[in-house]
1. Apply the Karplus curve 6.51 cos²θ - 1.76 cosθ + 1.60, θ = phi - 60°, to the phi angles in the stretch 41-55 and return the couplings in whole Hz, x for Gly and Pro.
2. Calculate the dipole size of the stretch 16-74 relative to its Cα centre from +1 charges on Lys and Arg beta carbons and -1 charges on Asp and Glu beta carbons; express the result in debye to the nearest 20.
3. With springs only between Cα atoms under 10 Å apart, run a GNM on the chain and tell me which of Asn63, Asn28, Asn15 wobbles the most.
4. Expected output is a single nm value to one decimal: the length gained when fully extending between Asn58 and Lys26, i.e. 0.36 nm times separation in residues minus the C-alpha distance. What is it?
5. Counting each DSSP H run of 4 or more residues in the chain as -39500 (n - 2.57), what helix-only mean residue ellipticity at 222 nm follows after dividing by all residues, to the nearest 500 deg cm²/dmol?
6. Using the Cα gyration tensor of the stretch 40-95, with a ≥ b ≥ c the square roots of its eigenvalues, what is the shape: rounded (a/c below 1.5), prolate (a/b larger than b/c) or oblate (neither)?
7. Taking only C-alpha pairs under 8 Å that are 6+ residues apart, what is the relative contact order of the chain in percent?
8. Could you tell me the relative contact order of the stretch 40-95? Use alpha-carbon pairs under 8 Å, at least six residues apart, and round to a whole percent.
Amino acid sequence: MALTQTPEAGLQVSNSPTAGNFLQYKDNSDQLTWAQASSPEVYGFSRSGSQLQVTTTNGGADNISGTAYAAFDDVIFAATGFTFTVNTDGKLIATI
């Protein structure tokens, strides 16, 4: 199936469509851009005393064993690129 770019009233797209990409609004340019979605990621959280350890699949490049997965205190499935910190109140902060 070939993608075609059809003009929509007031819709400005800065590049040509590509199969599998999505339209994103970027950089306050008042334009949309076709972009590639990030890879899915598994984030496994483990506590060690007052320390938080985060294990990831490195964008799907690494595996997490069933044993390691079962030992996580919590797991999040999200896009790649998140970083996690714990603030002074002990709350988990996720940053993209």
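Bear in mind these aren't lab numbers, they're just calculated from the coordinates by the rules spelled out. Note that the structure is predicted; figures quoted are calculated from it, not measured. Positions of Cβ are backbone-derived with ideal geometry, glycine not excepted, and every protein chain shown enters the neighbour counts.
1. Values per residue, Gly and Pro as x: 9, 9, 10, x, 10, 10, 9, 9, x, 8, 9, 10, 10, 10, 10 Hz.
2. Values: 2 positive and 6 negative charges, 11 e Å.
Result for the stretch 16-74 is approximately 60 debye, rounded to the nearest 20.
3. Judging by the Gaussian network model, the answer is Asn28.
4. 9.0 nm is the gain from fully extending Asn58 to Lys26.
5. Values: 1 runs with 6 residues, N = 96.
The per-residue figure over the chain is -1500 deg cm²/dmol.
6. It comes out oblate by the Cα gyration axes.
7. Once normalised by length, the contact order is 19 percent.
8. 36 percent
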